[in-house]
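K.L.:
Just passing along the structure, written as structure tokens.
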Amino acid sequence: RDVVSSTLHAVRTRWKGLGFVKNIDTVEKIAARWVYGIEKMRRYGDRAHCVRYEDLVRDPMAVMTGVGEWLGVDPTGFPTTDVSRRSVGKFRDGLTKGQLDLVSQVAGATLVDLGYR
């Protein structure tokens, strides 16, 4: 839901008029794209190190330690000071009830699978 909200905002502001926007210019398209990305992440998860945004903002150093270990590099070199919690839950102000219903229709099962309420 936060991805849909922030992407929709970008589409209407700083990305307005750019060619790729036609692929993500509705709540349904954005939610479907998110589901597609999650499906790919699950399919190829053995070749990727996945980071959940909520975990990153809750404990950036712990998450980046995992990334560093996966990459085989020192995680203390990753900047974590710019990580902000401001975007978590922002969908509550950025999407209407109708838009949230559309997100649920398209991505509801995946959201539940991932532990979102």
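K.L.:
Counting alpha carbon pairs within less than 8 Å and at least 6 residues apart, what relative contact order, in whole percent, applies to the chain?
P.N.:
Details: 83 pairs, mean separation 40.7, N = 117.
Relative contact order comes out at 35 percent.
K.L.:
Can you give me the % of accessible surface on the chain that is carbon or sulfur? Probe 1.4 Å, all protein chains present, nothing else counted. Walk me through the intermediate numbers first.
P.N.:
On the way: 4310 of 8130 Å².
Accessible surface attributable to carbon and sulfur in the chain totals 53 percent.
K.L.:
To continue, here is another question. Expected output is a single nm value to one decimal: the length gained when fully extending between Leu71 and Ser84, i.e. 0.36 nm times separation in residues minus the C-alpha distance. What is it? Walk me through the numbers before you get to the answer.
P.N.:
On the way: separation 13, 0.36 × 13 = 4.68 nm, distance 2.34 nm.
Stretched out fully, the Leu71 to Ser84 stretch lengthens by 2.3 nm.
K.L.:
Contour minus end-to-end for Arg14 and Arg92, with contour as 0.36 nm per residue of separation and end-to-end as the Cα-Cα distance? List each step's numbers first, then the result.
P.N.:
On the way: separation 78, 0.36 × 78 = 28.08 nm, distance 2.11 nm.
Difference between extended and current length: 26.0 nm.
K.L.:
A follow-up question, please. Using the reciprocal of the averaged 1/r over all distinct C-alpha pairs, how large is the Kirkwood radius of the chain in Å?
P.N.:
Values: mean 1/r = 0.0632 Å⁻¹.
This gives a value of 15.8 Å.
K.L.:
Using only protein heavy atoms and a 1.4 Å probe, report how much of Leu18 is accessible, in Å² to the nearest 10.
P.N.:
Leu18 has an accessible surface of roughly 80 Å² with all protein chains in place.
K.L.:
Answer rounded, prolate or oblate for the range 21-63, using the Cα gyration tensor with square roots of eigenvalues a ≥ b ≥ c: rounded when a/c is under 1.5, else prolate when a/b is larger than b/c, else oblate.
P.N.:
oblate
K.L.:
Run the dipole for the chain about the Cα centre, Lys and Arg Cβ at +1, Asp and Glu Cβ at -1, nothing else charged, and hand back the magnitude in debye, nearest 20.
P.N.:
Approximately 520 debye in magnitude.
K.L.:
Taking the solvent-accessible surface of protein heavy atoms with a 1.4 Å probe, what is the per residue accessible area of the chain in Å²?
P.N.:
Working: 8130 Å² over 117 residues.
Each residue of the chain exposes 69 Å² on average to a 1.4 Å probe.
K.L.:
Any idea which of Thr76, Gly108, Thr96 is furthest toward the positive side of the dipole for the range 67-117, if Lys and Arg beta-carbons carry +1 and Asp and Glu beta-carbons -1?
P.N.:
Projecting each Cα onto the dipole axis, the largest value belongs to Thr96.
The values are calculated or read from the model by the stated rules, or taken from the named source; none is laboratory data. The structure presented is a predicted model; accordingly, all values stated were derived computationally and were not measured. All Cβ positions, glycine included, derive from the backbone under ideal geometry; neighbour counts span all protein chains shown. Side chains included, ligands, DNA and RNA excluded: accessible areas come from the protein's heavy atoms. Shrake-Rupley method; radii C 1.70, N 1.55, O 1.52, S 1.80 Å.
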